[in-house]
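First up is the structure itself, then whatever we jot down about it.
The values are calculated or read from the model by the stated rules, or taken from the named source; none is laboratory data. Given the structure is predicted, the values throughout are model-derived calculations rather than measurements. So basically every Cβ, Gly included, is an ideal-geometry build from the backbone, and we count neighbours across all protein chains shown.
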Amino acid sequence: MKGLALAAGLGLALAGSAGAQQMVTDRVMTQNGHDYACSGIGKHAQNDPRWAEFPLKLVFARPDGAYLSDIAVELTAADGASIIRAHCNAPWFLAKLDAGTYKAKVTSSGGQEQSFDVQVPSSGQKQVVVTFNEG
């Protein structure tokens, strides 16, 4: 059923947020010197070895675990400088960032917004599941 919910969600018209770069799923992009990607649709994408190289992984889901997409993401440095602004059309957002603390702001297609600090490790991958009551 999760796959059906995801497929239905992806079939909706996707609207980008102002200033955010619309993402192509599974393509690594660069902004302000930092690589990032949106992925997570299908087993091939979920098992792609490239994603292990990204120290930050945000996963978008409903409380029941069904994936969500169509999420605006903004990452800023501790000093408030914008690092990455993107619109993710997949349930995973991955970023290559230096170790440290960053501020994340994520906004769902329904307008729900969450802001939180995230500590990016010097090795391994920090995964944060962000849940929204919609979809």
Any residue at all in the range 98-105 that is surrounded by 15 or more Cβ atoms within 10 Å (Cβ to Cβ) and either outside any strand (DSSP E or B) or touching a helix residue (DSSP H, G or I) at 6+ places or on another chain (Cβ under 9 Å) (or both)?
-> no
Please go through the range 48-63 and pick out each residue that is more than 20 Å from residue 101 (Cα to Cα) and either in a loop (DSSP other than H, G, I, E, B) or in contact with a Gly (Cβ under 8 Å, 6 or more places away or on another chain) (or both).
-> 48, 62, 63
Which of the following residues is surrounded by 11 or more Cβ atoms within 10 Å (Cβ to Cβ) and either out of contact with any strand residue (DSSP E or B) (no Cβ under 8 Å at 6 or more places or on another chain) or not in a strand (DSSP E or B) (or both): 72, 45, 37, 86?
-> 45
Could you give every pair whose Cβ atoms fall below 8 Å, whose first residue belongs to the range 103-118 and is at negative phi and at pLDDT below 95, and whose second residue is surrounded by 14 or more Cβ atoms within 10 Å (Cβ to Cβ) and of a type in the set (Val, Ile, Thr), counting only separations of at least 6 or pairs across chains?
-> 109/71
